[in-house]
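The next block holds one structure in the form of C-alpha cells; read it before the comments.
The values are calculated or read from the model by the stated rules, or taken from the named source; none is laboratory data. Note that this is a predicted model, so its numbers are computed, not measured. Note that each Cβ is placed from the backbone with ideal geometry, even for glycine, and that neighbours are counted across all protein chains shown.
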Amino acid sequence: MEFGKVDRSLLDKINFRLPEDGYFARQLKPAPERPKVYIGSERWGRKEWVGLIYPAKTKESDFLEQYIKNFSGIELNTTHYQVYAPATIRKWAEKAAGTDFRFCPKFPQSISHYSDLASQKALIETDRFFQSIIHFEEHLGPLFLQLSERYGPAKKHALYSYLKTLPRDLDIMLEIRHPDWYSEPHRSELFALLHELSIGLVITDVSGRRDCAHMEITAPVTLIRFVGNALHSTDYQRIDDWVERIHSWLQKDLKAIHFYLHQPDATYVPELMTYLVKQLNQIDGLQLQAPRLIETTGSLFD
C-alpha cells in the first residue's frame, strides 16, 4: 500500500501512539460476550508464502485453501477491480466450509473511484456487486467502501445520499482518505451519520497519515487496516499498542473486530501476525490461530 508511505529513515520520528477512543467508541456498553476477532491480510495469492506458511510446491489453485488454514479472514481487494460471477464466489466460499472464516470484499472501484456515487449507474453497479458477494453466505464479513484521497467533503451530499441507500442487513464500512474529513465540522457530521446508519469507519493505521487512525467505532463491527514497515522496530511497538486497545474493546458491546495486516513485502506478514496473535492469546485467553510458520528466522520466539 503506497498510501501514507514514508521514508524508513523517518519512522523513529513519528508518534505512532494511538489516540484515545472517539466519542462513539466511548459510548459502547460493557458486554458479557466478547466480540469475535478475525485476522488476515489482503491477498491469498502470495507465491512468497510458499515454503513460509504454504507447504513447498503448493499450486496456485490451492493458495486459498492454505490461506484459510493460516488466517481467519481476508480483506478482499480483488473485488475492487471486478465483480465476480456468483459461481466464483460460491467456489471461494466452499473452501471455507466448516470454518468461521470471513471474506471482507472491497466495493468495486467503478463505484468508489470512478463514479460520483449519486448516479443511477452507481446504484445499478452497487446492486450488481451485492448480488455477487451475497453468495459468500455465512462467510461474508463486512464490506468496505474506500473513497479516494480526492473525494472530500465538497462531495458530501452525494456520499450521504448514497450511504442512505445501502442495505441495513449487511455490515458495511467506509474508509475516508481526504484529510478534510478529519477536520470540523465535517468529522462530527459524517461520524454522526455513520452511527445513525450503523455503518462502520475503517481505521487505517499507516505511518504518514496518522489522522486515519481515528479510533472511532460507529457500528457494532470495526475493521482495522494496519500498514507495517518491513518489521521495523516500530511495527512491534505499534502492535503492542493495538493489543492493549483490542483488549479494552473485547469488553465492549461489539459483534466483531477485523484486523488486516499489510506490509511493503508480504514476506513479513506472517511473522508480525504471529506476534500479534501470541500477544492477544496470552493477554485475553483467545484461541486465535497464528500463521503456521514453516520457516522463520527464529528471531521472535527463541
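Just to be sure before I move on: is L293 of a type outside the set (K, R) and either more than 23 Å from A56 (Cα to Cα) or at pLDDT 95 or above (or both) in the structure I sent?
Working: of a type outside the set (K, R): yes; either more than 23 Å from A56 (Cα to Cα) or at pLDDT 95 or above (or both): no.
When the stated conditions are applied, L293 does not pass them.
Take the stretch 119-143 and flag every residue that is closer than 21 Å to R90 by Cα, surrounded by fewer than 17 Cβ atoms within 10 Å (Cβ to Cβ) and touching a helix residue (DSSP H, G or I) at 6+ places or on another chain (Cβ under 9 Å).
Initially, the stretch 119-143 is screened for residues closer than 21 Å to R90 by Cα, giving 125-143.
Checking which are surrounded by fewer than 17 Cβ atoms within 10 Å (Cβ to Cβ) leaves us with 127-128, 130-131, 134, 137-138.
Within the stretch 119-143, Q131, I134, E137, E138 meet the criteria.
Please specify each residue of the stretch 149-185 satisfying the condition of being closer than 21 Å to D205 by Cβ and of a type in the set (S, T, N, Q). If you could, list the steps in order and put the result at the bottom.
Initially, the stretch 149-185 is screened for residues closer than 21 Å to D205 by Cβ, giving 149, 151, 171-183.
Result: S183, single match.
Criterion first (farther than 20 Å from A118 by Cα and not small (G, A, S)) does P185 satisfy it? Break it down into steps so the answer makes sense when it comes.
Details: farther than 20 Å from A118 by Cα: yes; not small (G, A, S): yes.
So P185 fits the description; yes.
Just the residues that are surrounded by fewer than 16 Cβ atoms within 10 Å (Cβ to Cβ) and among the hydroxyl-bearing types (S, T, Y), please, taken from the stretch 82-100. Lay out the reasoning, then the answer.
Filtering the stretch 82-100 for residues surrounded by fewer than 16 Cβ atoms within 10 Å (Cβ to Cβ) gives 82, 85-88, 90-91, 94, 97-100.
T88, T99, listed by residue number.
I need the full set of residues from the stretch 144-179 which are acidic (D, E), farther than 18 Å from V221 by Cα and surrounded by 13 or more Cβ atoms within 10 Å (Cβ to Cβ), in order please.
none
Scan the stretch 93-114 and give yes if some residue there is at pLDDT 95 or above, on the phi > 0 side of the Ramachandran plot and of a type in the set (D, E), otherwise no.
no
Checking S41 against (1) among the polar types (S, T, N, Q); (2) at pLDDT below 95; (3) in contact with a strand residue (DSSP E or B) (Cβ under 6 Å, 6 or more places away or on another chain), which single condition isn't satisfied?
The one condition S41 does not meet is (2).
Any residue at all in the stretch 101-115 that is farther than 28 Å from K155 by Cβ and either without any contact (Cβ under 8 Å) to a residue 12 or more places away in the chain or surrounded by fewer than 20 Cβ atoms within 10 Å (Cβ to Cβ) (or both)? Show your work before the answer.
So the first thing to find is which residues in the stretch 101-115 are farther than 28 Å from K155 by Cβ, and the list is 101-103.
Now restrict to residues that are either without any contact (Cβ under 8 Å) to a residue 12 or more places away in the chain or surrounded by fewer than 20 Cβ atoms within 10 Å (Cβ to Cβ) (or both): none.
Within the stretch 101-115, none of the residues are farther than 28 Å from K155 by Cβ and either without any contact (Cβ under 8 Å) to a residue 12 or more places away in the chain or surrounded by fewer than 20 Cβ atoms within 10 Å (Cβ to Cβ) (or both).
Of all residues in the stretch 69-81, how many are closer than 16 Å to M273 by Cα and surrounded by fewer than 22 Cβ atoms within 10 Å (Cβ to Cβ)? Even if it seems obvious, please write down each step before you answer.
Going residue by residue through the stretch 69-81, those that are closer than 16 Å to M273 by Cα are 69-75.
Now narrow it down to the ones that are surrounded by fewer than 22 Cβ atoms within 10 Å (Cβ to Cβ): 69, 72.
The number of residues fulfilling the criteria is 2.
Could you tell me which residue of the stretch 72-89 is nearest to D127 (Cα to Cα), considering only residues that are more than 13 Å from the chain's Cα centre (by Cα) and not in a helix (DSSP H, G or I)? Spell out the reasoning first.
Pass one, the stretch 72-89, residues more than 13 Å from the chain's Cα centre (by Cα): 78-89.
Subsequent filtering for residues that are not in a helix (DSSP H, G or I) retains 81-85.
Working: Y81: 16, Q82: 14, V83: 11, Y84: 13, A85: 13 Å.
It comes out as V83.
Test L254 against the stated conditions and say whether it is modelled with pLDDT of 95 or more, closer than 24 Å to D171 by Cα and assigned to a helix (DSSP H, G or I).
Working: modelled with pLDDT of 95 or more: yes; closer than 24 Å to D171 by Cα: yes; assigned to a helix (DSSP H, G or I): no.
Answer is no for this residue.
Within the stretch 61-118, which residues are basic (K, R) and out of contact with any helix residue (DSSP H, G or I) (no Cβ under 7 Å at 6 or more places or on another chain)?
Restricting attention to the stretch 61-118, the residues satisfying the condition of being basic (K, R) are 69, 90-91, 95, 102, 106.
K69, K91, listed by residue number.
Looking at the stretch 124-170 only, could you name the residues that are in a loop (DSSP other than H, G, I, E, B), among the charged types (D, E, K, R) and within 23 Å of S72 (Cα to Cα)?
Here is the first cut: in the stretch 124-170, the residues in a loop (DSSP other than H, G, I, E, B) are 141-142, 147-152, 166-170.
Restricting the remaining residues to those that are among the charged types (D, E, K, R) gives 149-150, 168-169.
Across the stretch 124-170, the qualifying residue is only D169.
Are there any pairs, at least 6 apart or on different chains, whose C-beta atoms fall under 9 Å, with the first in the stretch 82-100 and closer than 14 Å to F71 by Cα and the second of a type in the set (A, V, I, L, M), and if so, which?
Close Cβ pairs satisfying both conditions: K95/L64; K95/I68; A96/L64; A96/I68; T99/I68.
Could you tell me whether F226 is within 29 Å of F107 (Cβ to Cβ) and in contact (Cβ under 8 Å) with a residue 60 or more places away in the chain?
No: the conditions fail for F226.
Please pick out the residue among F16, F3, F24, F63 that is farther than 24 Å from Y275 by Cβ and surrounded by 14 or more Cβ atoms within 10 Å (Cβ to Cβ). Walk me through it before giving the result.
Working: F16 fails: farther than 24 Å from Y275 by Cβ; F3 fails: farther than 24 Å from Y275 by Cβ; F63 fails: farther than 24 Å from Y275 by Cβ.
Exactly one residue qualifies, and that residue is F24.
Can you name the residue in the stretch 180-218 that is under 26 Å from V6 (Cα atoms) and hydroxyl-bearing (S, T, Y) and, of all such residues, is farthest from the chain's Cα centre (by Cα)?
By that ranking, first place goes to S183.
Just to be sure I understand the filter: pairs with C-beta atoms under 6 Å, separated by 6 or more residues or on different chains, first member in the stretch 242-265 and farther than 21 Å from M1 by Cβ, second member crowded, with 19+ Cβ neighbours inside 10 Å and of a type in the set (A, V, I, L, M). Which pairs pass?
Going by the 6 Å Cβ cut-off, the qualifying pairs are V243/L280; K255/V221; A256/V221.
Restricted to the stretch 253-271, and to residues that are over 15 Å from the mean Cα position of the chain (by Cα) and closer than 19 Å to N77 by Cβ, which residue is surrounded by the fewest Cβ atoms within 10 Å (Cβ to Cβ)?
Per the stated criteria, the residue is D265.
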